[in-house]
Structures are given as structure tokens and as C-alpha cells.
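The values are calculated or read from the model by the stated rules, or taken from the named source; none is laboratory data. Not measured: the values here are computed from a predicted model. Neighbour counts are summed over all protein chains in view; Cβ atoms, including those assigned to glycine, are modelled from backbone coordinates with ideal geometry. Accessible surface areas use protein heavy atoms only, side chains included; no ligands, DNA or RNA. Shrake-Rupley method; radii C 1.70, N 1.55, O 1.52, S 1.80 Å.
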Amino acid sequence: MITVALAGKPNAGKSTLFTAATMADADIANYPFTTIDANRGVTHVRTECPCLDRDERCGNERCRDGKRYVPVELLDVAGLVPGAHEGKGLGNQFLDELTNADVVVNVVDASGATNAEGEPVEPGSRDPLDDVSFIEGEMDLWLTGIVDRNWESVERKSRSPDFEIEAALTDMLTGFGASEGDVATVLRGLEYPDDPKAWTGDDREALARAVRRRTKPIVVVANKVDAAPEGAVDRIREGTDKPVIPATADGERALRRAAEAGVVDYDPGDETFEIVGDVSESQRAGLDALADAMAAHGGTGVQTALNAAVYDRLDQITVFPVQDAAKWTDGTGNVLPDAFLLPAGSTPPDLAYAVHTDIGEGYLHAVDARSSRRIGEGHEMSEGDVIKIVSTAGP
Ligand SMILES: Nc1nc2c(ncn2[C@@H]2O[C@H](COP(=O)(O)OP(=O)(O)OP(=O)(O)O)[C@@H](O)[C@H]2O)c(=O)[nH]1
Ligand SMILES: [Mg+2]
């Protein structure tokens, strides 16, 4: 499963976003370092269900009226402070947690009401743009430290006659999520000495930064927009080349709770909601204020951020494997039973392997269930494709 990690300074709202997105419990409080042990949970990205193109909705438990939710893992780690890579704050154990992440959501406090350590300050007095850059810097320096500490092993390997720097660096960085292809691409963009012993600290830092950028893409969440001064989001947007999603994690959490209680009609990612139950005066006032914030930003931003991380930054598509190409069902009649996230450009054999290794190994051919046409094994699938795989290992 794809892992999205929430990073950010303490008190930015990571656990609030985590709770909203997973509906799991996590400690939330207005002081730094509320979270000590990482929280792990399942959240979803949202896409259109292919059943929208049919007469009836599919009825899958992850489909609500054609809004299809596809599971991804969400990781909520402790807050990072400047110097975290050297052990400041709660140390770099939390940076280590990011090793498992495919993509990072950097949660910043757009209200500017907390300093770099996450302590409450006069609202608007902290520039949120500083939070965007220091988190990235800490991640880069942390990986630089790992490369430095392991460099001796690369030097040792270089004495062997069949030494290849790509292979040696891949060995070192594979735990960090870098493939041989990633390392090769990164090396092509760098100038460096052939002999590892001649590498300087700057050479290693340049390598670490490039690998980090390639293997841990970032989406910035400008959180607490409900309390942010006018123009705060634009200012962040102008100062970074990352996608910036305005959000109110607190608002999303309130809405999901209210939806669960039957008070509002709201599905995660909707741009608006409707009050359908009894609410007190103060609840109504709170919900009205939230509705205004959502109207200004196209929703609470939480689902938008998760989708941006997975579909845009990781460039994934959703593909729906079926056994019956006419009915779009599995062997027991469930319509559109599964949804798989795969990198854009994936082919039917890639899908077959994702379903099961045996299905992949026995791959014969595939059928596009929308057109009922056979598709070649080199065919690049698209978002929302419904595909029947025919395999010797198939049912
Ligand atoms: N106004 C506003 N406050 C928010 C929002 N999201 C979170 N908060 C508040 O921000 C404070 C910190 O929230 P947490 O979720 O505990 O922050 P965290 O980033 O997990 O903090 P650490 O675990 O200490 O790193 C709490 O008081 C939340 O209620 C939001 O969208 N708007
Ligand atoms: Mg927390």
C-alpha cells in the first residue's frame, strides 16, 4: 500500500489531520510534542467510480454514489524542529520514520500562531513560509547524515575490480526507497569524482538532496486557514515550487464526526455539506463559519491534499480489475470489487502482478471491459480503466 507521511513542526495540526482522515484516535493538543510515538492508520484517496458510467451504482462499501475511496496508509509522526537532524527536539528517530514514506505532506500552520518549536505566539507573527523550507532542509540534512555514515562501505566496495558506483549507492539507499533507476537518474544530474574516496562532504550532500527530492516528493498543506490572515496562502504559494493546499484539518474532523452522528450530509472531499440533523445555535454558527471557509477554498482541503500527494506527486492511476468483462464483477457477483493504485504508464501485466504474483506469471492477455476489446501487453492503462486479466492462474 502507498504510504503518505505527515511531516511538520510541532503543533501544526498533523494529528488533527490524521484523526480526520482515518477516524482513528490520536492525541491532539495546543502544545508541542503531543505526538511521541508515530500513529499509523488507513485513509483513502477519492476518485470517480467507473459505475457512474452504468445504470446502477456498484454498491461497493468504498463507493458512495459514485465517489470511490481507495485505501492508502497514513503516518503521523512527531513534530520536527530546526536541528532535528542533529537530535534536537524529539531527535531524528522521527525522521527515520519517514524512510517508509512514498510521499510527504508537510503540514504548516498558515495562521502563523506558533513558532518554529510549535509554541503558541501572537497569531500572524510567524511566517509560515519558514516552516515550508526548514522541514525540507531537515529531511535533506538527515539523509546527508545517513550517506556520510555509510560512505566508508562505498569506499570499501570501490576496491573491488567490478565496482559500480550505481550499484553501491543503490545498496546504500534502497532502504530509503530509492531504486536503481532513481539512483541512476540522480547521478546523471550530478557532477562527481569517479573515486568515492575523492567525494567531498558537499558532493555527498548534493547526492542526498537529489535523492530525497526524487524519492520523497512533497505537498504543502497550509493548515488552519480558518484562522489565517488574509493572503497567507498566496504568500506560501509564491515562496515555494511545491503544490500548496489550503486546509482546515479541524474543520474536516468536525465534519466527519458530524456526518457519523447523522447531523450533516458530507462525504470526504465534498466541497460543501448540508445540515440534516438537529444542531444547537453554537453548533450552527460553527458549521456556518466552516461552510464559508470551505466555499473560499473548495472544501476543507484534507482530501484535496491526499489526492494531490498520490495522484499528482506520485503520478498514480486507479485501475479496477474484474473477472467478468460484461458485468464488471468478480467470481461471486460483486460489482467493481477492487481498485488498485498503480504508477501512470502501467500495463495490464503490471496490474496482473499487483493482483497476485501467480496471476502475473500466468498472464495470457487482457480485455478492456469498457470496450470489450482485447488490449496488448504494452498498452498503457488510464485512470478509471476496468480490466479483465486472463491468466493460466486465473479462476
Ligand atoms: N484553527 C485551527 N486549529 C487547528 C486546526 N488543525 C489543528 N488545530 C489545532 O492545532 C493544535 C495542534 O494540533 P495537533 O493535531 O495536536 O498538532 P500536531 O502537529 O500533531 O502537534 P505535535 O504532535 O505536537 O507535533 C490543536 O490545538 C488543534 O486543535 C485547524 O484547521 N484550524
Ligand atoms: Mg501530533
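Quick check: residue separation of Asp338 and Glu122 times 0.36 nm, minus the Cα distance between them. What number comes out in nm? Display every interim value, and only then the final one.
Details: separation 216, 0.36 × 216 = 77.76 nm, distance 4.86 nm.
Extra length available between Asp338 and Glu122 comes to 72.9 nm.
If r is the Cβ-Cβ distance from Thr357 to Asp202 and R0 is 45 Å, what FRET efficiency results, to the nearest 0.05?
On the way: r = 43 Å, r/R0 = 0.96.
FRET efficiency, Thr357 to Asp202: 0.55.
With the dipole of the chain worked out from charges on the C-beta (+1 for Lys and Arg, -1 for Asp and Glu) around the Cα centre, which of Val390, Ala285, Ala206 lies farthest toward the positive end?
Going by the Cα projections, it comes out as Val390.
So how far, in whole Å, is the C-alpha centre of region 261-337 from the one of region 196-241?
A separation of 28 Å, based on Cα centres.
Roughly how many percent of the accessible protein surface of the chain is carbon and sulfur, given a 1.4 Å probe and a whole-percent answer?
Details: 7850 of 18130 Å².
Ligands and nucleic acids excluded, carbon and sulfur reach 43 percent.
Tell me, in nm to one decimal, what length is gained between Val42 and Glu166 on full extension, where the rule is 0.36 nm per residue of separation less the Cα-Cα distance?
Working: separation 124, 0.36 × 124 = 44.64 nm, distance 3.49 nm.
Additional length available on full extension: 41.2 nm.
With a sphere of radius 13 Å drawn around the Cβ of Val335, what net charge do the other residues whose Cβ falls strictly inside it have (Lys, Arg +1; Asp, Glu -1)?
Values: positive: Arg54, Arg57, Arg62, Arg68, Lys327; negative: Asp53, Asp55, Glu56, Glu61, Asp324, Asp330, Asp338.
Here the count lands on -2.
So which GluC sites (Glu not before Pro) in region 267-327 are both in a DSSP loop and have at most 12 other Cβ atoms within 10 Å of their Cβ?
Working: sites: Glu271, Glu274, Glu281; in loops: Glu271.
Passing both the DSSP loop test and the Cβ count: Glu271.
Let's test the formula: R0 of 30 Å, r as the Cβ-Cβ distance of Thr272 and Arg54. What FRET efficiency results, to the nearest 0.05? Please list the in-between numbers first.
Numbers: r = 26 Å, r/R0 = 0.87.
That pair, Thr272 with Arg54, gives E of 0.70.
Let's test this: bin the Cα-Cα distances of the chain at 20 Å from zero up to the farthest pair and state each bin's percent.
Here the calculated profile for the chain is 25, 50, 24, 1.
How big is the equivalent ellipsoid of region 316-391 along its three axes, where each semi-axis is √(5λ) from the Cα gyration tensor, reported in whole Å from largest to smallest?
Here the semi-axes work out to 16, 13, 12 Å.
If I model a spin label as a point 7 Å beyond the Cα along the Cα-Cβ vector, how far apart are those points for Asp265 and Arg284 in nm?
Roughly 1.9 nm, to one decimal.
Restricting to region 316-391, what percent of DSSP beta bridges are antiparallel, rounded to 5? Mind showing how you got there, number by number?
Numbers: 14 of 18 bridges.
Antiparallel bridges: around 80 percent, rounded to the nearest 5.
Could you tell me which residue out of His365, Trp151, Ile245 lies farthest along the dipole of the chain toward its positive end? Charges go on the beta carbon: Lys and Arg +1, Asp and Glu -1, centred on the Cα centre.
The residue sitting most towards the positive pole is His365.
Solvent-accessible area per residue for region 74-206 at a 1.4 Å probe radius, Å²? Provide the component values of the computation, followed by the final result.
Details: 5830 Å² over 133 residues.
Averaged over the residues of region 74-206, the accessible area is 44 Å².
Regarding region 65-220, what are the three Cα extents along the principal axes, ordered largest first, in Å?
Largest to smallest, the principal-axis extents are 60, 44, 25 Å.
Just the accessible area per residue of region 316-391, please: how many Å² with a 1.4 Å probe?
On the way: 3530 Å² over 76 residues.
On a per-residue basis, region 316-391 sits at 47 Å².
To the nearest 20 debye, what is the magnitude of the charge dipole of region 215-261 about its Cα centre, counting +1 on the Cβ of each Lys and Arg and -1 on the Cβ of each Asp and Glu? Mind dumping the intermediate values first?
Details: 8 positive and 8 negative charges, 45 e Å.
My answer is approximately 220 debye.
When only C-alpha pairs under 8 Å and at least 6 residues apart count, what is the relative contact order of the chain, in percent? Don't skip to the end; give the middle numbers.
On the way: 786 pairs, mean separation 60.5, N = 395.
15 percent.
I'd like the FRET efficiency for Thr185 and Arg237, computed as 1/(1 + (r/R0)^6) with the beta carbon distance as r and R0 of 25 Å, rounded to 0.05.
Details: r = 28 Å, r/R0 = 1.11.
Using R0 = 25 Å, I get an efficiency of 0.35.
Setting aside same-chain residues fewer than 8 positions from Lys327, which aspartates and glutamates have a Cα under 15 Å from its Cα?
Leaving aside aspartates and glutamates fewer than 8 places away in the same chain, those within reach of Lys327 are Asp53, Asp55, Glu56, Asp338, Asp368, Asp385.
Sorting check: for 248-260, 6-18, 106-118, 138-150, which peptide has the highest mean count of neighbouring beta carbons within 10 Å, and how do the rest follow? Working shown, then result.
Values: 248-260: 22.0, 6-18: 27.1, 106-118: 24.2, 138-150: 19.6.
For the peptides 248-260, 6-18, 106-118, 138-150, the packing ranking is 6-18, 106-118, 248-260, 138-150.
For Tyr311, Tyr192, Tyr266, give the ranking by accessible area with the largest first, probe 1.4 Å.
Details: Tyr311 35, Tyr192 70, Tyr266 10 Å².
Descending order: Tyr192, Tyr311, Tyr266.
With a 1.4 Å probe and every protein chain left in place, tell me how much accessible area Glu180 has, in Å² to the nearest 10.
For Glu180, solvent-accessible area is about 100 Å².
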